Structure formats: C-alpha cells, structure tokens
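The values are calculated or read from the model by the stated rules, or taken from the named source; none is laboratory data. Bear in mind that the values here come from a model prediction, so they are computed numbers and not experimental data. FYI the Cβ positions are ideal-geometry reconstructions off the backbone, even for glycines, and counts take in every protein chain you see. Just so you know, the surface numbers come from the protein's heavy atoms only, side chains and all, with ligands and any DNA or RNA stripped out. Shrake-Rupley method; radii C 1.70, N 1.55, O 1.52, S 1.80 Å.
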Amino acid sequence: MTRMPANLPTVHRRGLMLVLSSPSGAGKTTISRALLERDEHITMSVSATTRSPRPGEIDGRDYHFLDIARFQTMVAAGEFLEHARVFDNYYGTPTAPVEAALASGQDVLFDIDWQGTQQMAENARDDLVAIFILPPSVAELERRLRSRAQDADEVVRKRMAKAGDEMSHWREYDYIIINTDVDRSVAAVEAILAAERLKRDRQVGMHDFVSRLRGE
Ligand code: 5GP
C-alpha cells in the first residue's frame, strides 16, 4: 500500500474580481459596505476619476483624483483594466493593484457600471464574477432616490430614466439579486463568494496536490 506523503504540496487560491452593478438607488453601496466589513479577504478597488472630489472624499481612499492629461496618459500606456466615460467625467480601474491582490489570493470588489463590466469580461473573464442588483419595484426605487438626495423632481426623473438604461444590461451579469431586504442580499453575495472561491480553476496547485494524495 502506498504511504501518504507527510508534506503535501500546498494549494492556494487566486483571488477573484467581484463586480456589483446596479442603478443608483438599488442599494449597492449599502451591500458593498456590509460585505467589506464582514469579510477580510475582499478589498475595494480604488478607481481613478477626472471628476472633482466631493466634500468628505479622500484622494487615494475614495478615488485617485486625476486631471484629464494624466488620465489620458494612463489610458495610452494601457494602465487601466477598463475605463469609461460616465456622465461628464472619466473613470478607470488601474490594473497593477488589482493584479497584485489577485496573485496574493485577495479578492477585489468593484463598483463599476455596465460599460466597465463589459470591458472586464473581455479582458479578464476567468477572474470575473459579476452580480447585478435590482430594486424590488419602480415605486421602491423612486422612494429610495427621493429619500436619499431630496432632489428636485427633474433630477429624480433623470435618474429614473438612467436607471432604466442601466437595468437593460441585466443579462450581461452572472448573478441577479433583487434587493428586497439588505441582510438577505448581503447573505446572497456571501453565498456566491463562498461558491466562487471553491471553483476548480481558482485553486492553484491542485494538480500537484491530488497527484501526491494519490501517491504519485
Ligand atoms: P460617482 O461619480 O457618483 O462616484 O460615480 C458615478 C458612476 O461611475 C457610478 O455609476 C460608478 O459605478 C461609476 N464608476 C466609478 N468608478 C468607475 C470605474 O473605475 N470604471 C467605470 N466603468 N465606472 C466607474
């Protein structure tokens, strides 16, 4: 009978890229925050943007705030995993920190729109897990948009129209969560993460591990 080797080769996990997209008002930010608090193996990607910081936003934490020339230099140098124009500003995901995190087995969470998600699917399909969050109803979406910003009717109408556009991309995502209850939605994201982390191809070194288990 073959003896089991004492020191089995180690298996480690390549991190994954978790994209959460939704129309504004569907609850994505609340879900992201809860997830980041509860799970130390996932960190938020910090995007670059050409828009000005809002009060309370910190450079390097909320965004890397860049001028347009610097942003364009990075685009030309191929330093973004994806980039897009949203409203009147440019946004992009710097590649280097994401690649370092994935290689070290850390997962990365992205708050990007459907345009960015499409590019990520083209550039990094194997690492990508894309979740779309939907509001439970039109009335609830409108209620959340109104209660949040106390915006003028006109602004709310524009956001509702934009939400309609954004939601038309639901088929491009791997998973859909209807956000009726935040706790249940967070639990659903955690369940998806738990399963995706066990995917065969994310477990690096499995071939050698199993070979040794079999006494080869
Ligand atoms: P805000 O200016 O309100 O922070 O973000 C506006 C929109 O830009 C949001 O819909 C957000 O998902 C999107 N966004 C933020 N960062 C990125 C990014 O790096 N890439 C893409 N494609 N969209 C982003």
Report summary line: Going through segment 76-88 in order, the residues found to be open to solvent by less than 80 Å² (accessible area, probe 1.4 Å) and within 10 Å of the ligand (Cβ to nearest atom) are PHE80, LEU81, GLU82, HIS83, ALA84, VAL86
Query - Matching residues in segment 43-74 - criterion: being aliphatic (A, V, I, L, M) and either within 12 Å of the ligand (Cβ to nearest atom) or touching a residue at least 24 places away in the same chain (Cβ under 8 Å) (or both) - result: MET44, VAL46, ALA48, LEU66, MET74
Query - Scan of segment 43-60 for residues that are closer than 27 Å to ASP183 by Cβ and either open to solvent by 60 Å² or more (accessible area, probe 1.4 Å) or not in a loop (DSSP other than H, G, I, E, B) (or both), ordered by number - result: THR43, MET44, GLY56
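Looking at THR73, THR10, can you tell me which residue is at pLDDT 95 or above, over 20 Å from the mean Cα position of the chain (by Cα) and open to solvent by 60 Å² or more (accessible area, probe 1.4 Å)? Walk me through how you get there before you give the answer.
Working: THR10 fails: at pLDDT 95 or above.
Sole residue among the options that is at pLDDT 95 or above, over 20 Å from the mean Cα position of the chain (by Cα) and open to solvent by 60 Å² or more (accessible area, probe 1.4 Å): THR73.
Residue by residue, here is whether (1) at pLDDT below 95; (2) not small (Gly, Ala, Ser) holds:
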position	(1), (2)
ALA121	no, no
ALA124	yes, no
ARG148	yes, yes
ASP153	yes, yes
LYS158	yes, yes
ASP165	yes, yes
ASN179	no, yes
SER185	no, no
LEU213	yes, yes
Query raised in the report: So which residues in segment 21-42 are of a type in the set (Ser, Thr, Tyr), outside any strand (DSSP E or B) and within 14 Å of the ligand (Cβ to nearest atom), if there are any at all?
Result: SER22, SER24, THR29, SER32
Requested in this report: Considering only segment 97-204, give the strands (runs of 3 or more DSSP E) lying wholly within it that have at least 2 residues that are open to solvent by less than 40 Å² (accessible area, probe 1.4 Å).
Outcome: 107-110, 128-134
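Right, ALA100: modelled with pLDDT of 95 or more and more than 10 Å from the ligand (Cβ to nearest atom) or not?
Details: modelled with pLDDT of 95 or more: yes; more than 10 Å from the ligand (Cβ to nearest atom): yes.
Yes, satisfied.
Which residue out of PHE87, PHE65 is of a type in the set (A, V, I, L, M, F, W, C) and at positive phi?
Numbers: PHE65 fails: at positive phi.
None of the others qualify; the one that does is PHE87.
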